[in-house]
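Presented below is the structure to which this report refers.
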Amino acid sequence: MSRGAFGGLLSCLILPFLASVSPADLLVRLRLEHTSLLLLEPVNASVTILNESEYPFVIGKDGTDKDTRIEFFIEKDRDKLASRINKHPLVTNLKIKPGEKGEALVDISSWYDIRAEGRYTVTAVAYLKGKAWASNKEIIDVVKGLEIASVTRNVPGYDEMERTYALRYWSRESKEFLFLCIDEEKTGMNYGVVQLGPLVRVFIPVLDVDRLGNIKVVHQSSSDCYVHSFFKSTRGGVKFVDQTYHLANGERYPSKNKRSETSEKDVP
């Protein structure tokens, strides 16, 4: 069967589940934080529901009511559905009364297999009283990014555990951003893909990992600002420690508002 024919078959199988009884009952809107992401980076999605039905849209704390729930249909490269990797409910403790609007925030990469490079089409689906209402479709591109530097070190005190720390960059929203990616190649475990902030590629970023598991990254984020990011690697994982801002000579950057250049949400 050809790729196009297979994609058409998938659409035929999925569409009946997405048909709504009345366009005015539930209005579902999907918005993704980013449409271009590094491999294994969180895929944060916002689902907004306007309830114009006569019933309240209620998802309890345990989220186990199959009649009222939020799901996603994620299709990779137009011919393969992303499988569910987490059986727990995506959304819990949400209540939207008739005539009101509510929002749910979900990292869909924690529930669906988006662990391969490629293009994905994402649709959110809200279920109420046995019927389904689909959102708009959003497209995301998952990429590996371009590597600048890489260091492999043993985890302190555990010679059998080796982690690779890589700096990669990628462009999105008309800016280039720097990321720290931590992988354990032997086990296939990923310990984080962290956006460190905007990147100006005049100064080559510096990555240092010492024998005690202290990680330091220095990169240029604007014409005169250099960001120092600190992490700690232990057997249990990799933790964010601090992020500071400096001039080229190493002195602290004078502006207290420099966090606008590198938002706090960029680091754990």
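What follows draws every value from the coordinates through simple rules; no lab data is involved. Just so we're clear, the structure is a prediction, and the values are computed from it rather than from any experiment. Virtual Cβ from ideal backbone geometry, glycine too; neighbours counted across all protein chains shown.
Quick notes on this one:
- Mean separation of Cα contacts under 8 Å (6+ apart) over length of the chain, as relative contact order %: 14
- Under 5 Å from the amide H of Ser53 lie the amide H atoms of Gly99, each residue being 5 or more positions distant or on a separate chain, with H modelled from the backbone and absent for Pro and chain starts.
- Near Met189, once Lys and Arg are set to +1 and Asp and Glu to -1 for all other residues with Cβ below 13 Å from its Cβ, the sum equals 0.
- Over 22 Å between alpha carbons, listed pairs Lys80/Lys137; Lys87/Lys239; Lys95/Lys137; Lys87/Lys232; Lys80/Lys144; Lys87/Lys186: Lys87/Lys239; Lys95/Lys137; Lys87/Lys232; Lys87/Lys186
- Computed on the range 145-266, with alpha-carbon pairs under 8 angstrom and 6+ residues apart, the relative contact order is 18 percent.
- For Leu196, nonlocal amide neighbours, meaning residues 5 or more places apart or on other chains whose placed amide H falls under 5 Å from its own, are Leu178, Phe179, Leu180.
- Calculated [θ] (222 nm, deg cm²/dmol) that DSSP helices of n ≥ 4 give over the chain, each run adding -39,500 (n - 2.57): -2000 deg cm²/dmol
- Compared with the dominant Cα axis of the chain, that is its longest principal axis, helix 3-18 is turned about 60°.
- For volume of the Cα convex hull per residue in Å³, calculated from these coordinates, the label among (i) 178; (ii) 127; (iii) 164: (iii)
- Charge sum, other residues only, whose C-beta stays under 12 Å from Gly237's C-beta, Lys/Arg counted +1 and Asp/Glu -1: +3
- Within-12-Å neighbourhood charge of Arg168 [Cβ basis; K, R +1; D, E -1]: -3
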